[in-house]
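Each remark here refers to the structure printed beneath this line.
The values are calculated or read from the model by the stated rules, or taken from the named source; none is laboratory data. Everything quoted here is computed from the prediction, not taken from an experiment. Because the Cβ atoms are built from the backbone with ideal geometry, glycine has one as well, and the counts that use them run over all protein chains shown.
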Amino acid sequence: MVTITNQQTGHTSQFAYDGLSRRISATETDSGGSPVTTKFLWCGERICEARDSSDTVLARYYAQGELHGSTIAYYAQDQVGSVVDTVDPQGQVTARLKYDSYGTITSSSGTLPDHRYAGLYAHPQSGLYLATYRAYDPKIGRWLSRDPIREAGGVNLYAYVLNNPLLYTDPSGLAPPQHIPHGVDVGQKHQRGAKHVIWTMV
């Protein structure tokens, strides 16, 4: 995915990639406006920093939450890694989100985090979620491009997690869907078969 154009507003989003097919910048341009570019710094297969065109840090991303300037937002996540709340260091809820099974936000409040459904990076201008290697549309519950690993991820190359988003995750967009064992705690996340403790509020 290189360019998205909103036919109603004329807004365009253009993406650039590195040699590993990771999205390294997004340039947003309103109709008749000046382009605004956000650069992304990657730590392996995860975005860990966003910068503006002059390399000023806009945000830093961690497994436990996000840092925007001096504002810290810790994640509270469900069984598939969706951010359902963010909490500040004093324990106050700063955002709350609810999703349907495929990731459409049904209600929200507060300052929303950049990572949302299934821990994926949200692109508000298009309503898409951006995995490491593909873009996902929650309105139709499908990836927008064919699976890079072909039938190893299932016979339907556009299907999201075998049509079972309550049981599987695919944070990269090319991994075979990862099974979430029964009884997994809300504060745990499974990615590529490995378990990571994300957040436990006390």
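Annotations
- Subset of the range 125-166 [buried (at least 16 other Cβ atoms within 10 Å of the Cβ), in a loop (DSSP other than H, G, I, E, B) and in contact with a helix residue (DSSP H, G or I) (Cβ under 8 Å, 6 or more places away or on another chain)]: PRO138, GLY141, ASP147, GLY154, PRO165
- Residue within the range 108-115 that is among the polar types (S, T, N, Q), farther than 17 Å from PRO138 by Cα, surrounded by fewer than 16 Cβ atoms within 10 Å (Cβ to Cβ) and touching a Phe, Trp or Tyr at 6+ places or on another chain (Cβ under 6 Å) present: no
- Meets criteria (touching a Ser or Thr at 6+ places or on another chain (Cβ under 7 Å) and touching a residue at least 24 places away in the same chain (Cβ under 8 Å)) for PRO148: no
- Hits in the range 8-25 (condition: small (Gly, Ala, Ser), under 19 Å from TYR133 (Cβ atoms) and either modelled with pLDDT under 95 or part of a loop (DSSP other than H, G, I, E, B) (or both)): SER13, GLY19, SER21
- Scanning the range 26-68 for residues that are surrounded by 15 or more Cβ atoms within 10 Å (Cβ to Cβ), touching a Ser or Thr at 6+ places or on another chain (Cβ under 6 Å) and without any contact (Cβ under 8 Å) to a residue 24 or more places away in the chain yields THR27, THR29, THR37, LYS39.
- Scanning the range 8-25 for residues that are over 24 Å from ARG146 (Cα atoms) and surrounded by fewer than 16 Cβ atoms within 10 Å (Cβ to Cβ) yields GLN8, THR9, GLY10.
- The one condition in (1) aliphatic (A, V, I, L, M); (2) in contact with a Cys (Cβ under 7 Å, 6 or more places away or on another chain); (3) at pLDDT below 95 that LEU41 fails to fulfil: (3)
- Test result for PRO148, over 24 Å from GLN7 (Cβ atoms) and at pLDDT below 95: yes
- Test for SER53: is it polar (S, T, N, Q) and part of a strand (DSSP E or B): no
- Residue check for TYR75: in contact with a Gly (Cβ under 6 Å, 6 or more places away or on another chain) and in a loop (DSSP other than H, G, I, E, B): no
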